[in-house]
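See below for the structure under consideration.
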Amino acid sequence: MAEAKKFKRIAFVASEAPEAQRALEVLTARYGNAPLKSADAIVALGGDGLMLQTLHRFMNSQIPIYGMNRGSVGFLMNEYCEDDLPARLANAEINLLHPLKMTARNLADETQSALAINEVSLFRQTHQAAKLRIAIDGTVRMEELIADGVLVATPAGSTAYNLSVHGPILPINAPLLALTPISPFRPRRWRGAILSNRAKILIEVLEPTKRLVSAVADHTEFRDVAAVSVAEDTESDLLMMFDPGHALDERILNEQFRY
């Protein structure tokens, strides 16, 4: 129990869901609620959406974040339990993750950037399919992709939207990214690519004023983009905590054998 003293200052954040708010009340009464900036750990009560928001909010704080599922989706969360929380935190496994940095240039030649923990996605904005050119490390690998869009997913995000569009599941510690088309029309049979996490990806929008495209990094959207570059941001750190035997690598492995 000496290790548990490391996590005496616990801060809680919760979604607006009634179940999460009730949990916040109970856990605060039991363990207190430390100031976020001086906490030994932050416990997020909700679903995967809240976990992503919390990770973005406290990126580079070096404060580990432990999620407990009080939402509808909880792939990034641990099971909810009110007992022995300091000891659970002390025994948790910590995964170090790096987000993707998306830099988008729009039709007005303005540049905007955002970070993504799960994926960067490009989507058609109108009834017309997007027409895209894809270059990896300065070499054009696909002259023209006609599709609803394309995404670049991290290992942590490979079981989210990437999986729903039939992208590959990546082990959490693999130095890889998934490049996955969304409803491809031409080439119809292209299923995407697995890239090194050191890859520099450039996606150019062909006919950008006719075939409008938006770019999304997790929850941040930029519209009317002309080109988007994506690369791992190795200078930004995320610390996620999981109960032993339920770490993200184990969850991702289990997901590959579900049918």
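The values are calculated or read from the model by the stated rules, or taken from the named source; none is laboratory data. Since we're looking at a predicted model, the values are computed, not measured. When we count neighbours, we look across all protein chains shown, and the Cβ atoms used for this are built from the backbone with ideal geometry, even at glycine.
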Exercise for the section: State which residue pairs qualify: first residue under 23 Å from residue 137 (Cβ atoms) and inside region 156-177, second residue acidic (Asp, Glu) and crowded, with 17+ Cβ neighbours inside 10 Å in any location, beta carbons under 8 Å apart, and separation of 6 or more residues or different chains. Expected result: 157/119; 162/119; 177/232
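Considering each of 233, 237, 224, 218 in turn, give the residue that is in contact with an Asp or Glu (Cβ under 9 Å, 6 or more places away or on another chain) and either hydrophobic (A, V, I, L, M, F, W, C) or touching a residue at least 60 places away in the same chain (Cβ under 8 Å) (or both).
From the options 233, 237, 224, 218, the qualifying one is 218.
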Handout entry: Qualifying residue in region 161-178 (condition: crowded, with 23+ Cβ neighbours inside 10 Å and not hydrophobic (A, V, I, L, M, F, W, C))
Key = yes
Fill in the blank from the handout: Exactly one of 181, 187, 208 is in contact with a Gly (Cβ under 7 Å, 6 or more places away or on another chain), more than 24 Å from residue 250 (Cα to Cα) and not hydrophobic (A, V, I, L, M, F, W, C), and that one is 181
Practice task
Report, by residue number, each residue of region 27-53 that is surrounded by 13 or more Cβ atoms within 10 Å (Cβ to Cβ), at pLDDT 95 or above and assigned to a helix (DSSP H, G or I).
Solution key: 27, 28, 31
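Considering only residues of region 183-229 that are of a type in the set (Phe, Trp, Tyr) and in a strand (DSSP E or B), which is surrounded by the most Cβ atoms within 10 Å (Cβ to Cβ)?
Filtering region 183-229 down to residues of a type in the set (Phe, Trp, Tyr) leaves 185, 190, 222.
With in a strand (DSSP E or B) added as a condition, the list becomes 185, 222.
Details: 185: 13, 222: 21.
That would be 222.
Condition check ((1) more than 19 Å from the chain's Cα centre (by Cα); (2) loosely packed, with under 13 Cβ neighbours inside 10 Å; (3) aliphatic (A, V, I, L, M); (4) at pLDDT 95 or above) across all residues:
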| residue | (1), (2), (3), (4) |
| --- | --- |
| 78 | no, no, no, no |
| 100 | no, no, yes, yes |
| 105 | yes, no, no, yes |
| 108 | yes, yes, yes, yes |
| 111 | yes, yes, no, yes |
| 115 | no, no, yes, yes |
| 119 | no, no, no, yes |
Practice task
Kindly check whether there is at least one residue in region 163-180 that is of a type outside the set (Lys, Arg), within 30 Å of residue 80 (Cα to Cα) and in contact with a Phe, Trp or Tyr (Cβ under 8 Å, 6 or more places away or on another chain).
Solution key: no
Exercise for the section: Check whether at least one residue in region 137-144 is in the same structural domain as residue 227 (by TED's automatic domain parsing), part of a strand (DSSP E or B) and within 30 Å of residue 75 (Cα to Cα), and report yes or no. Expected result: no
Handout entry: When residues of region 84-107 are limited to those that are touching a strand residue (DSSP E or B) at 6+ places or on another chain (Cβ under 9 Å) and assigned to a loop (DSSP other than H, G, I, E, B), the one farthest from residue 9 (Cα to Cα)
Key = 107
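Only one residue in 251, 211, 258, 223 is modelled with pLDDT under 90 and more than 16 Å from the chain's Cα centre (by Cα), so which one is that? Full working, then the answer.
Numbers: 251 fails: more than 16 Å from the chain's Cα centre (by Cα); 211 fails: modelled with pLDDT under 90; 223 fails: modelled with pLDDT under 90.
Step by step, each of 251, 211, 258, 223 is checked, and only 258 is modelled with pLDDT under 90 and more than 16 Å from the chain's Cα centre (by Cα).
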Exercise for the section: Any residue in region 109-135 that's within 21 Å of residue 209 (Cα to Cα) and not assigned by TED's automatic domain parsing to the domain that holds residue 60: show its pairings with residues that are in a loop (DSSP other than H, G, I, E, B) and of a type in the set (Asp, Glu) at Cβ separation under 7 Å, as long as the two are six or more apart or on different chains. Expected result: 131/207
Exercise for the section: Residues being within 25 Å of the chain's Cα centre (by Cα) and either among the hydroxyl-bearing types (Ser, Thr, Tyr) or within 23 Å of residue 198 (Cα to Cα) (or both): count how many of those fall in region 125-137. Expected result: 6
Handout entry: Residue selected from region 7-16 under the condition within 18 Å of residue 83 (Cβ to Cβ) and touching a helix residue (DSSP H, G or I) at 6+ places or on another chain (Cβ under 6 Å), by the criterion modelled with the lowest pLDDT
Key = 7
